[in-house]
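Read the structure below first, then the notes.
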Amino acid sequence: MRIEWIGRCPQHVAALARWHHAEWGELYDDWTLPVATAELDDHTCRESLPTTLVLMDGDTLLGSVSLLLEDAPELQDRGSPWLASLFVSPDARGRGGGKQLVEAAVAHAASQEVERLRLFTLWHEDFYAGLGWELEERAQLHGVPVSIMGIVPARRIAEPAPSLPPLIRTTGNRA
């Protein structure tokens, strides 16, 4: 398994958007599948925030995580940026891919000098706590209870994390 920028794997944007929309679409008022697809397509152009990292096994997409400036508008008064949309395909779960994705995202946030990174989770507070995230508060998002958690990326990086290969765009990669 390896972590790549979504810009190195743009052929997976549509599948990833379907996964994300199926998992979290009900939490957002106007987040349609075309909107989710457009957001991920936009992430193929950059490594700076907002961006998405993908977990790959050969040419097979296994999962992703995003770093966003805004995750849910209702939570924006808590600050920015946000770790969002951690997803590992059901057949790839239990192999450490989620942990790899989160650690790569936190390392990237540290390299971007992010002072504090936040996330919200419906079900996985213990998973994130095991990776060093701290509970900040419990809140509601469209009537659904969520845990808002935070981390200081620079504190989690004891030594420089292996960097992802640079995203190099060439003419003809995008329609």
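Are there any pairs, at least 6 apart or on different chains, whose C-beta atoms fall under 6 Å, with the first in the stretch 144-161 and modelled with pLDDT under 90 and the second surrounded by 16 or more Cβ atoms within 10 Å (Cβ to Cβ), and if so, which?
Once the first residue is modelled with pLDDT under 90 and sits in the stretch 144-161, its partners that are surrounded by 16 or more Cβ atoms within 10 Å (Cβ to Cβ) give ALA154/ALA110; ARG156/VAL106; ILE157/ALA107; ILE157/ALA110; ALA161/ALA107.
Could you tell me whether the stretch 30-48 includes any residue that is among the hydrophobic types (A, V, I, L, M, F, W, C), out of contact with any helix residue (DSSP H, G or I) (no Cβ under 7 Å at 6 or more places or on another chain) and buried (at least 20 other Cβ atoms within 10 Å of the Cβ)? Let's see the steps before the verdict.
Kept after step one, since they are among the hydrophobic types (A, V, I, L, M, F, W, C), are these residues of the stretch 30-48: 31, 33, 35-36, 38, 40, 45.
Cutting the leftovers down to out of contact with any helix residue (DSSP H, G or I) (no Cβ under 7 Å at 6 or more places or on another chain) gives us 35, 38.
Filter once more, so that each one left must be buried (at least 20 other Cβ atoms within 10 Å of the Cβ): none.
Scanning the stretch 30-48 turns up no residue that is among the hydrophobic types (A, V, I, L, M, F, W, C), out of contact with any helix residue (DSSP H, G or I) (no Cβ under 7 Å at 6 or more places or on another chain) and buried (at least 20 other Cβ atoms within 10 Å of the Cβ).
Out of the residues in the stretch 30-57 meeting the condition of being in a strand (DSSP E or B) and not hydroxyl-bearing (Ser, Thr, Tyr), tell me which one is nearest to ARG118 (Cα to Cα).
Let us first name the residues in the stretch 30-57 that are in a strand (DSSP E or B), namely 51-57.
Next, from what is left, pick out any that are not hydroxyl-bearing (Ser, Thr, Tyr): 53-57.
Values: LEU53: 17, VAL54: 19, LEU55: 21, MET56: 25, ASP57: 28 Å.
Looking at the filtered set, the residue picked out is LEU53.
Within the stretch 112-147, can you find the residues that are small (Gly, Ala, Ser) and surrounded by fewer than 16 Cβ atoms within 10 Å (Cβ to Cβ)? Steps first, answer last, please.
Pass one, the stretch 112-147, residues small (Gly, Ala, Ser): 129-130, 132, 139, 143, 147.
Within the stretch 112-147, ALA129, GLY130, GLY132, ALA139, GLY143 meet the criteria.
Quickly run through the stretch 30-78 and pick out the residues that are closer than 21 Å to ASP91 by Cβ and in contact (Cβ under 8 Å) with a residue 60 or more places away in the chain.
LEU53, LEU62
Taking the stretch 58-98 on its own, how many of its residues are assigned to a helix (DSSP H, G or I), closer than 22 Å to MET149 by Cβ and among the small types (Gly, Ala, Ser)?
Our first condition is that a residue be assigned to a helix (DSSP H, G or I); within the stretch 58-98, this holds for 73-78, 90-92, 97-98.
Applying the additional criterion that residues be closer than 22 Å to MET149 by Cβ yields 73-78, 97-98.
Within this subset, residues satisfying the condition of being among the small types (Gly, Ala, Ser) are 97-98.
Summing the residues that are assigned to a helix (DSSP H, G or I), closer than 22 Å to MET149 by Cβ and among the small types (Gly, Ala, Ser) in the stretch 58-98 gives 2.
Got at least one residue in the stretch 142-152 being under 18 Å from the mean Cα position of the chain (by Cα) and at positive phi? Steps first, please.
Filtering the stretch 142-152 for residues under 18 Å from the mean Cα position of the chain (by Cα) gives 146-152.
Next, only the ones that are at positive phi stay: none.
For the stretch 142-152, residues under 18 Å from the mean Cα position of the chain (by Cα) and at positive phi: absent.
Per-residue answers, yes or no, for (1) farther than 11 Å from ALA17 by Cβ; (2) among the hydroxyl-bearing types (Ser, Thr, Tyr):
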position	(1), (2)
TRP31	no, no
ALA36	no, no
ASP42	yes, no
CYS45	yes, no
THR51	yes, yes
MET56	yes, no
LEU68	yes, no
ASP71	yes, no
GLN76	yes, no
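Restricting attention to the stretch 5-29, and to residues there that are under 21 Å from GLY94 (Cβ atoms) and at pLDDT 90 or above, which single residue is surrounded by the most Cβ atoms within 10 Å (Cβ to Cβ)?
Looking at residues that are under 21 Å from GLY94 (Cβ atoms) and at pLDDT 90 or above, I get LEU16.
Could you tell me whether the stretch 17-29 includes any residue that is closer than 26 Å to GLU74 by Cα and outside any helix (DSSP H, G or I)?
Going through the stretch 17-29, the residues closer than 26 Å to GLU74 by Cα turn out to be 17-29.
If we keep only those that are outside any helix (DSSP H, G or I) too, we end up with 28-29.
The answer is yes, given that some residue of the stretch 17-29 is closer than 26 Å to GLU74 by Cα and outside any helix (DSSP H, G or I).
The values are calculated or read from the model by the stated rules, or taken from the named source; none is laboratory data. Keep in mind that this is a model prediction, so the values were computed, not measured. Glycine also receives a Cβ, built like all others from the backbone with ideal geometry; neighbour counts cover every protein chain displayed.
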